[in-house]
Amino acid sequence: MTLNGVLELLDRHPEHRGNVDSWGEGRGESGVTIRQGARAAFLASLWRRQQGPILVVTPRPDDARRLHDQLLTYLGEDQPVHLLPEPEVLPFERLAVDANTGNQRLSALAALAAGGRFGYMEPDVQPLVVCSVGSALIYTLPPELMAGVFPATGELSLWRKGDRVRINTLLAQWLDLGYRNEPVVEAPGSFSHRGGILDIYPTGSDWPLRIELWDDEIDTIRYFDPVSQRSIRPADEVRLAPAREQLPGLANQETVAAQTEAMDYSKCNDEVRDRMAEELSLLSSSPNPETLSFYNGLINQAHLLGYIGANGLVVLERSGQVEAEALELEERFQRMREAREERGELPGNFPSPHMGWVEFSNRLSGMPQMQLQTWVGDDEDKIFLPSNQYYGKLEQLAVDIRSHQASNHAVVAVTQHQRRVAEILEEEGIGVTQTDTLESAPSPGQVCLLPGSLRDGWTVELPNRETGEANALVLLTDSELFGTVKEQRYHRHRRAEHGPEVVLADLVPGAHVVHIDHGVARFAGTTHIGDDDDEKEYLILEYAENDKLYVPTDHLDRVSAYVGAQDQPPSLTRLSTAEWARVKQRVKGATREMAQELLRINAARALAEGHEHSGDTVWQQELEDSFPFVETPDQAKAIVDVKVDMETLRPMDRLICGDVGYGKTEIALRAAFKSVNDGMQVGILVPTTVLAQQHYATFSERLSPFPVRVEVLSRFRTHKEQQEVVEGLKDGSVDIVIGTHRLLQKDVQFKNLGLAVVDEEQRFGVSHKERFKQLRQQVDVLTLSATPIPRTLNMALAGIRDLSTMDSAPEARLPVKTFVSEYSEDVIKEAILREMERGGQVFYLHNRVRTIHQAAAELIKMVPHARVMVGHGQMAESELEEVMEDFANGDADVLVCTTIIESGLDMPNVNTLIVERADRFGLAQLYQLRGRVGRSEHRAYAYLMAPRGRRITEAAQHRLQAILEASELGAGFRIAMRDLEIRGAGNILGASQSGHIQDVGLDLYTQLLNEAVRELQEETGESGAGEPLAELPRIDLPLNARIPEDYVDHLPTRLAVYQRLAKLSDSDDIPEIREELRDRFGPVPEEVENLLTLAELRALAANVGVESVVQGSDAIVLSLRVPVGGARVPLQRALGPSVQVGNTQMQMPLRRLGDEWLSRLTRVLERFLAFQENLKALAASAPAD
């Protein structure tokens, strides 16, 4: 959306226009006073009239982020409005910042550099960049380099169709610019090279690009999708900005040498000297990401103000606060420097990563600048006046709007309750214009409603120069209309799906696989077997007792990646024994039993009559509007699913899966209120007392405007209070009760129970679960689970369990800023102090119970005034609950704990996580632990600590790198999701089924469950039973059919293509696969064409019921699944003399086929298909008996 129409009206105000244009007169310094809520409007208007780039500097990072979001609402998401975030890496620390922040910084810097005319080419639209003063002080790359001018050549990093390139020079240049060479390009800052094809994902681009060369000339350039790897549309050019903010190889080497020489190591010990000598020697060739930010002041000497050319403008938003914040930062950083120098950890004269305020303000003086102030004394904002406040009293709004219309005022309301406001105004007889965007100025008396989020409204009186123009403009937001605003985040990038389910593309040698016929093995790589005319690639699988199995790549439909809990590697199967058959049989029996039980409960529910809830009431609408966040699409769908279930006579039994903080409680709250509105009672069951108190607080707060009595039943209540609640449930005076298993005791009787909500069912005991089973046949039951489940399992359960899954994070959530560092007391101290300063709390994860109190004592020594508590899983349950309850109530600043925080506690005030020995955790665990913070609108921080000075394993390094990149595209994320999903599957299906998943892997387990459900549905005559998938035929023909390594050199990608072809059951898909291979890897070689031909033959043979096609010594033999019987003679006639038709076989003698054997074989299969279709047509047209 945009509010260009609002800005157009605003421009008609002469005094406002004078303010906007005032800075341009002397090109020096000017000051303007603007009301806080109207600053975004003023800056948006300023940008529309400005001819060069604008840099807005705010005091704090949160101010910058909010202002940036407001500007996007006024100007539109497609405009070059950038946020330049602080990396928030502490100076003089070896901390690596997350990729998301790095990319955002580079995009903003590149836009500023282009706007400042440093790259020979001026952009069509000038950028508007917002940053905090902390971000503005950091030394960075020179603007010429950010604009794409390569220092060695002085030429732009720009390539167009028809350009000639030297590939080695080009790749070296990309490496110098900080791009990483990866096998597959999935995230910004990476490139790959395959023959004549180059893929690159430029910083700041929404999509990666693919360059195809013809010899040394660029033949085509096109955008491609990083998930499917398919081309999307042609592109005109590839323009590269650097992919990292520190590029040692391109730094001024003389300056680096001089600064290195000036460092004073007199207070440092040998270890520090040796370490820095080693780091400095590797800086240009293979720097560690953690050391790059440490040496930022050595590598970079340019600064942000250098990006603002003569055509630009710097705006200081509240200059006094900007200066105070800068001086405070400087003082903090100086203290950190002195402490490190004193301890001998940092040499003297070590270059600072940022400039001081004095240097910044000296450079700023003389530059075109504007100071934007809050009104002080007489110097107040005379243009933007506050709008009236209504706090939900929309009848008063209607009265005021009539008055505005009578005075020829235009009214614009930006609200996230557009439909509701429109209905109320129309009921009052006021015509409104509902629109998604406002491109032109509203006319006098017009009332426009737009969807969106602004923090404050304002009113501007306009001089009526011409008749037909508005006298005033009244802008209203949810802040005026309802007293609260739902924060809206703008995501410039598409959120990528994890792509297909985990496939062989994630396989690396050493990983476990499952062969459907032979069991669990270890993948050892691939090999080639056969002569030149008949060479094929085989997988090498290692089984127990050193047995090996060679699997041809055309049998990859029989092999899948083993997916099971990462902390328990599976046991390998023994070949040539009945062991695997027994395991499969046992698991199949178990899946059948479980499916039977689920179907039985389903059938009983279908016959039972529950309460049919009525539709939504006005109160329901008001409650939903008071939700302070924007619903995610998944959440909105789940809410609809639940309401549809409740409004039918059949009792609801729905399971909602979604991570903690994804909004499951809100769904339960809305369902509970719906039930209460129908005169029913609601029971909410939670596994722990702490969770009961949390839900009680949430429900009480949200339902306080309504006549609803909410109570909690747990051991935190006295016996007398518990009795009162029990009596209230009996006589119906309690509407909603939240409790632990105390709710299931015999003395608890409901007068009129309509809905039971069960949170984290897997954490209740067997007897409790039996009670839930009985409930499911009587009342509506809603179950919540905080672990995601695999999509395949979701589909397998679709016919027998009502499921809603929530995969998308809430919009108001900021990504957690993640740092990887070696253990450092300074980092820990700073992190805790930073969190305490803003009134927040810290999880400090120390996963060893034996030394946990010692770790807590060390923290108290580090931060003496911090209140520290300890919690771990070996405490008595009641003691642990008390600790968690006290911590949730804010009785401590730091909780030193083990991984108990993984479970579903919601503590929005905890926004810093410090993980000791992060190298010992699995990737999935790190993802889930990181998800415990960042639950509110505050920025959250996660510090992953590796041991100091000790080498960590390569696998641990990869895990930490994967979480740092936080790439929801990469294999790392898929693997982490997989591990979480395994836990989710176990939680939903129960402990016994978890063991079975562990035995055969998730893929095969899901397949067996699918079969069990289908068989049971067929037996009971239920619809929904899909056709069982027939096994594909075995093809053994003398063709050199393989994917050469020089065509696809990345093994996991090669395996993924093989597996896709091995599973192909529709020959119509072949042209698309051929096109994809050509797109991704270049012209298709003969061996791959042969592979495609075999896949086409296999699909065709499967269609006509052929079990195998094998070439013997003198004939090609086609074995049939079903005997031909009486159709033998007509079939022989249809296929012709080159085929000998038997009852279960057809033979094609080689002497008759000659060199054309392949095309003749294809023709025979096509004729066989036509014959079968004719038979079916005849049977369909024959008269019935």
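The values are calculated or read from the model by the stated rules, or taken from the named source; none is laboratory data. Keep in mind it's a predicted model, so treat the numbers as computed, not measured. No Cβ is skipped: glycine too gets one built from the backbone with ideal geometry, and neighbour counts run over all protein chains shown.
Before moving on, here are some points about what is shown:
- Among the conditions (1) out of contact with any strand residue (DSSP E or B) (no Cβ under 9 Å at 6 or more places or on another chain); (2) basic (Lys, Arg); (3) crowded, with 17+ Cβ neighbours inside 10 Å, Arg650 misses just one, which is (3).
- For segment 104-116, the criterion of being free of Cβ contacts under 8 Å to residues at least 24 places away in the same chain and either part of a helix (DSSP H, G or I) or surrounded by fewer than 24 Cβ atoms within 10 Å (Cβ to Cβ) (or both) is satisfied by at least one residue.
- Unique residue being out of contact with any Lys or Arg (no Cβ under 9 Å at 6 or more places or on another chain) and surrounded by 11 or more Cβ atoms within 10 Å (Cβ to Cβ) when the list is Arg1151, Arg1160, Arg1098, Arg1121: Arg1121
- Sole exception among (1) farther than 28 Å from Trp619 by Cα; (2) at pLDDT 90 or above; (3) surrounded by 14 or more Cβ atoms within 10 Å (Cβ to Cβ) for Phe716, by number: (2)
- Per the listing Gly134, Gly162, the residue uniquely crowded, with 18+ Cβ neighbours inside 10 Å, at pLDDT 90 or above and either closer than 22 Å to Ala99 by Cβ or outside the structural domain of Val314 (by TED's automatic domain parsing) (or both) is Gly134.
- Of everything listed in (1) at pLDDT 90 or above; (2) closer than 18 Å to Leu3 by Cβ; (3) surrounded by fewer than 20 Cβ atoms within 10 Å (Cβ to Cβ), the single unmet condition for Val485 is (1).
- Residue match in segment 46-69 (condition: at pLDDT below 90, aliphatic (A, V, I, L, M) and not in a loop (DSSP other than H, G, I, E, B)): no
- The helices (runs of 4 or more DSSP H) falling completely within segment 342-441 that include 3 or more residues that are within 37 Å of the chain's Cα centre (by Cα) map to 418-427.
- Only a single criterion out of (1) within 30 Å of Ile232 (Cβ to Cβ); (2) modelled with pLDDT under 90; (3) surrounded by fewer than 15 Cβ atoms within 10 Å (Cβ to Cβ) is not satisfied by Pro1083, namely (2).
- When Val514, Val520, Val563 are checked against the criterion of being over 28 Å from Leu1037 (Cβ atoms), modelled with pLDDT of 90 or more and touching a Gly at 6+ places or on another chain (Cβ under 9 Å), a single residue qualifies: Val520.
- Against the list (1) closer than 17 Å to His611 by Cβ; (2) basic (Lys, Arg); (3) modelled with pLDDT under 85; (4) over 36 Å from the mean Cα position of the chain (by Cα), the condition Arg771 fails is (1).
- Segment 512-562, subset assigned to a strand (DSSP E or B) and basic (Lys, Arg), residue surrounded by the fewest Cβ atoms within 10 Å (Cβ to Cβ): Lys548
- Every residue from segment 541-554 that is closer than 25 Å to Leu1037 by Cα and out of contact with any His (no Cβ under 9 Å at 6 or more places or on another chain): Lys548, Tyr550, Pro552, Thr553, Asp554
- Test: residue in segment 90-98 that is assigned by TED's automatic domain parsing to the domain that holds Leu292, at pLDDT 85 or above, of a type in the set (Val, Ile, Thr) and surrounded by 23 or more Cβ atoms within 10 Å (Cβ to Cβ): no
- Scanning segment 647-676 for residues that are in contact (Cβ under 8 Å) with a residue 40 or more places away in the chain and either touching a Cys at 6+ places or on another chain (Cβ under 8 Å) or farther than 25 Å from Leu691 by Cα (or both) yields a count of 3.
- Screening Ala636 on (1) within 25 Å of Leu481 (Cα to Cα); (2) assigned to a loop (DSSP other than H, G, I, E, B) shows it passes everything except condition (2).
- Val1129 being among the β-branched types (Val, Ile, Thr), more than 37 Å from the chain's Cα centre (by Cα), surrounded by fewer than 17 Cβ atoms within 10 Å (Cβ to Cβ) and outside the structural domain of Ser192 (by TED's automatic domain parsing): yes
- Tabulated pairs, segment 856-879, first farther than 12 Å from Leu833 by Cα and hydroxyl-bearing (Ser, Thr, Tyr), second assigned to a loop (DSSP other than H, G, I, E, B) and modelled with pLDDT under 90, C-beta under 8 angstrom, 6+ apart or interchain: Ser878/Arg715
- Residue tally, condition in contact with a helix residue (DSSP H, G or I) (Cβ under 7 Å, 6 or more places away or on another chain) and either under 12 Å from Tyr844 (Cβ atoms) or at pLDDT 85 or above (or both), over segment 902-915: 5
- Evaluation of Phe191 against (1) hydrophobic (A, V, I, L, M, F, W, C); (2) under 22 Å from Pro248 (Cβ atoms); (3) under 32 Å from the mean Cα position of the chain (by Cα); (4) not in a strand (DSSP E or B) (one fails), failing number: (4)
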